[in-house]
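Sharing a structure here in structure tokens format.
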Amino acid sequence: MELNATRLALLRHGQTDWNLHDLLQGSSDIPLNDTGRAQAREAAHLLSDVRWDRIVTSPLARAVETARIVAEECGVLDIDIDDALVERDYGGAEGLTREEATARWGQDWPGEESYEHLTVRAVRAVDAVAQRYPGENLVLATHGTLIRAFTDAVVGAATIKPDNAHSVRFLGRSGSWRVTAGLNLV
């Protein structure tokens, strides 16, 4: 491993009932369902190849519960909550399918956070966590679109958001990351 490099696993939360029904949940605080809890346990198994120093999580319940399950299964004692890791805000479209939102408002959904703003926010959030815990092995329990936005910025190309309870791994430091596993290009 590079000297003083930080190892990151950006982990998408497990499934919720809104995921199951393809509803936009964004900043809505929707809990995991039983499938999501099982997925979080499986994610912990997949993450057990590294000794993780801490987990930093979005404050939304689905990410916090995923973080707690992974922490328990992987023996991680430190869990921090970071408000900057919240999912993209879909505004008035939350609770609707993409098709319903598009039929109602076209491509301009009221109150939706732009993808460009999300990308800047995601990079700042991840870099700030890495600066707080330099050289540590960190799991960031967060959300699919935030992970995709960060990954897009790192690789300079469009990627696909990870499935529920899947992760994309990175190595580096604030402002200088490379993907080491889990990358899905469009």
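Laboratory data are not the source of any read-out in this text; all were calculated from the coordinates shown. Here the structure is a predicted model, which means the values were calculated and not measured. As a convention, Cβ positions derive from the backbone with ideal geometry for all residues, glycine included, and neighbour counts pool all protein chains shown.
Could you give the length gained by full extension between Thr180 and Asp80, i.e. 0.36 nm per residue of separation minus their alpha carbon distance, to one decimal place?
So the extension gain works out to 33.6 nm.
Could you check the spin-label model distance between Glu100 and Arg124? Points 7 Å from the Cα along Cα→Cβ, value in nm.
So the two model labels end up 3.2 nm from each other.
Dipole of the chain (Lys/Arg Cβ +1, Asp/Glu Cβ -1, origin at the Cα centre): which of Trp177, Ile55, Pro31 lies farthest to the positive side?
With unit charges placed on the Cβ atoms, the residue in question is Trp177.
I'd like the antiparallel share, as a percent to the nearest 5, of DSSP beta bridges with both residues in the chain.
50
A further question on this structure: For Ser28, Ser114, Ser58, which order do you get if you count the other beta carbons within 10 Å of each Cβ and list the fewest first?
Final ranking by Cβ density, sparse to dense: Ser114, Ser28, Ser58.
In debye to the nearest 20, how big a dipole does segment 6-181 give about its Cα centre with +1 on each Lys and Arg Cβ and -1 on each Asp and Glu Cβ?
Its charge dipole is roughly 640 debye.
Right, another one. Which of Tyr115, Tyr133 comes first, and how do the rest follow, when ranked by fewest Cβ neighbours within 10 Å?
So the residues, fewest neighbours to most, are Tyr115, Tyr133.
Now for a different question. Amide H to amide H, which residues 5 or more places from Thr57 or on other chains are under 5 Å from it, using H placed in the peptide plane?
Asp80, Ile81, Asp82, Ala141
Per residue, how big is the convex hull of segment 1-110 when only Cα atoms are used? Give it in Å³.
Each residue corresponds to 120 Å³ of Cα convex hull volume.
At 0.692 mPa s and 37 °C, plugging the Kirkwood radius over alpha-carbon pairs of segment 6-181 into Stokes-Einstein gives what diffusion coefficient in µm²/s?
Rounded, D is 204 µm²/s.
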